[in-house]
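Q: Here it is: the structure, laid out below.
The values are calculated or read from the model by the stated rules, or taken from the named source; none is laboratory data. Computed from a predicted model, the values in this text were never measured in an experiment. Here Cβ is always computed from backbone atoms with ideal geometry, including for glycine, and neighbour counts include all displayed protein chains. With ligands, DNA and RNA removed, areas are computed over all heavy atoms of the protein, side chains included. Shrake-Rupley method; radii C 1.70, N 1.55, O 1.52, S 1.80 Å.
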Amino acid sequence: MEKKNLDWSNIGFGYVQTDKRYVSNFKDGAWDEGGLTDDANVVLNECAGVLQYAQTVFEGMKAYTTEQGKTVIFRPDLNAERMVQSAKRLEMPVFPEDRFVDAVVQTVKANEAYVPPYGTGATLYIRPYMFGTNPVIGVKPADEYQFRVFGTPVGPYFKGGVKPLTIKVSDFDRAAPHGSGHIKAGLNYAMSMHAIVTAHQEGFDENLYLDAATRTNVEETGGANFLFVTKDGKLVTPKSNSILPSITRRSLVYVAKEYLGMEVEERTVPFAEVKEFAECGLCGTAAVISPVGKIVDHGNEICFSSGMTDMGPVTKKLYDTLTGIQMGRIEAPKGWIKVV
Ligand code: PLP
Ligand code: COI
């Protein structure tokens, strides 16, 4: 496969239009057969449900070129399953999980020239999404929907690559108890725009959101879950009904236990405990594992002993093992790698 002539090692996290995308439409209670198209634009009625009441959900995953030169996708079945949960919560029709995986495979295959070569540090980010298309003016679910998948080659999500991040404890809440924080809906990200712009203006890389009910426990950031490492080498990660169930985090919990023999605690993490941890990181498809050097709570700084120049040693071990599995250097657990 001849690759596109892109400066793979220097691409950022942005949109690059690729050749083909997948589209399927839902009408009269059923999905059509769907297929690939060249048309990157969507034309909608002015009153479409997605435009008026934000009825849209999405997913994010990546395709890689392995050391062996194969194109693979990491655990797309879990993204398919999560999109079902997201759709149900917004009263949208479910896109069948097997069709979701097939649509992702078709999209990656059709854009294989954009899957970055092995060793460049870049990947093909895949964005499946679904939205209400017919006119809706009373507050109710749309009757018609479109499901799409496109890919875009990306580099590191955070500028500076693996340089440890500085995080602000946000004054804003991301998600309410019993709200929509556990699903991947555009509305959660719309809610975070003001908070992220504010954090960036103040010189921070991201926000740490506390639980909205008590403002005492760590939830997540705008686009990733938290990982902490205790001084005695345990992995601790927040458990909450209002954070996104990160596929990267679930994979890392398994890797930590089964590959690295670590003890893992998935539990409520009081913010007051954070200063006791040795290492901190963010995990997600886009973030992979991004180390956190410092968390600032209204002027009070928590500086992790891993410092502001490198990833901490345990974070690095987790990073190397996960990316090793994704890139074919380390044998993957059964079912984790979908070959395109
Ligand atoms: N939390 C939020 C709010 C996210 O947007 C993401 C990204 O998908 C994650 C966590 C990480 O989830 P995953 O590892 O499934 O990409
Ligand atoms: C992802 O990691 O896939 C996300 O959707 C996070 C987003 C902030 C890019």
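Q: Only one residue in Val50, Val57, Val23, Val42 is farther than 30 Å from Pro333 by Cβ, β-branched (Val, Ile, Thr), assigned to a strand (DSSP E or B) and in contact (Cβ under 8 Å) with a residue 24 or more places away in the chain. Which one?
A: From the options Val50, Val57, Val23, Val42, the qualifying one is Val23.
Q: I would also like to ask the following. Taking only region 192-247 into account, find how many residues are open to solvent by less than 30 Å² (accessible area, probe 1.4 Å), part of a helix (DSSP H, G or I) and more than 16 Å from ligand 2 (Cβ to nearest atom).
A: 1
Q: Got at least one residue in region 207-219 being farther than 28 Å from Lys62 by Cα, touching a Gly at 6+ places or on another chain (Cβ under 9 Å) and touching a residue at least 24 places away in the same chain (Cβ under 8 Å)?
A: Yes, because at least one residue in region 207-219 is farther than 28 Å from Lys62 by Cα, touching a Gly at 6+ places or on another chain (Cβ under 9 Å) and touching a residue at least 24 places away in the same chain (Cβ under 8 Å).
Q: Within region 14-25, can you find the residues that are open to solvent by 30 Å² or more (accessible area, probe 1.4 Å) and either modelled with pLDDT under 95 or more than 16 Å from ligand 2 (Cβ to nearest atom) (or both)?
A: Gln17, Asp19, Lys20, Asn25
Q: When only residues in region 96-114 that are open to solvent by less than 10 Å² (accessible area, probe 1.4 Å) and either out of contact with any Leu (no Cβ under 7 Å at 6 or more places or on another chain) or over 20 Å from Gly284 (Cβ atoms) (or both) count, which is farthest from ligand 1 (Cβ to nearest atom)?
A: Asn111
Q: For the structure I just gave you, tell me whether Glu301 is of a type in the set (D, E, K, R), in a strand (DSSP E or B) and either within 16 Å of ligand 1 (Cβ to nearest atom) or at positive phi (or both).
A: no
Q: Please pick out the residue among Val253, Val296 that is outside any strand (DSSP E or B) and touching a residue at least 12 places away in the same chain (Cβ under 8 Å).
A: The unique qualifying residue is Val253.
Q: Sticking with this structure for a sec: Just to check your reading of the model, which residue among Lys334, Lys316 is open to solvent by 30 Å² or more (accessible area, probe 1.4 Å) and more than 18 Å from Phe158 (Cα to Cα)?
A: The match here is Lys334.
Q: Among all residue pairs at least 6 apart or on different chains, which show Cβ distances below 8 Å where the first residue, located in region 155-175, is open to solvent by 30 Å² or more (accessible area, probe 1.4 Å) and the second is part of a loop (DSSP other than H, G, I, E, B) and of a type in the set (Val, Ile, Thr)?
A: Pro156/Val162; Lys163/Thr309
Q: To continue, here is another question. I need a count of the residues in region 60-90 that are in a loop (DSSP other than H, G, I, E, B) and either over 14 Å from the mean Cα position of the chain (by Cα) or farther than 30 Å from Pro116 by Cβ (or both).
A: Adding up the residues that qualify gives 6.
Q: If Met191 meets every condition in (1) of a type outside the set (Val, Ile, Thr); (2) within 15 Å of ligand 1 (Cβ to nearest atom); (3) in contact with a strand residue (DSSP E or B) (Cβ under 7 Å, 6 or more places away or on another chain) apart from one, which number is that one?
A: It fails just one condition, (3).
Q: Just give me the residues in region 271-292 being farther than 22 Å from Ala63 by Cβ and either surrounded by 14 or more Cβ atoms within 10 Å (Cβ to Cβ) or within 16 Å of ligand 2 (Cβ to nearest atom) (or both), in sequence order.
A: Of everything in region 271-292, those that are farther than 22 Å from Ala63 by Cβ and either surrounded by 14 or more Cβ atoms within 10 Å (Cβ to Cβ) or within 16 Å of ligand 2 (Cβ to nearest atom) (or both) turn out to be Phe271, Glu273, Val274, Phe277, Ala278, Glu279, Cys280, Gly281, Pro291, Val292.
Q: Return the only residue of Pro177, Pro153, Pro164 being under 17 Å from the mean Cα position of the chain (by Cα) and at negative phi.
A: Going through Pro177, Pro153, Pro164 in turn, just one is under 17 Å from the mean Cα position of the chain (by Cα) and at negative phi: Pro153.
Q: Answer yes or no as to whether Arg75 is within 15 Å of ligand 2 (Cβ to nearest atom), out of contact with any Asp or Glu (no Cβ under 6 Å at 6 or more places or on another chain) and not aliphatic (A, V, I, L, M).
A: yes
Q: Is it true that some residue in region 96-108 is under 21 Å from Leu244 (Cα atoms), free of Cβ contacts under 8 Å to residues at least 24 places away in the same chain and not in a loop (DSSP other than H, G, I, E, B)?
A: Looking for residues that are under 21 Å from Leu244 (Cα atoms), free of Cβ contacts under 8 Å to residues at least 24 places away in the same chain and not in a loop (DSSP other than H, G, I, E, B), one finds at least one in region 96-108, hence yes.
Q: Say we look at region 285-340 and pick out the residues that are in contact with a strand residue (DSSP E or B) (Cβ under 6 Å, 6 or more places away or on another chain) and basic (Lys, Arg); which of these is farthest from Val101 (Cα to Cα)?
A: If we take residues in region 285-340 being in contact with a strand residue (DSSP E or B) (Cβ under 6 Å, 6 or more places away or on another chain) and basic (Lys, Arg), then Lys294 is farthest from Val101 (Cα to Cα).
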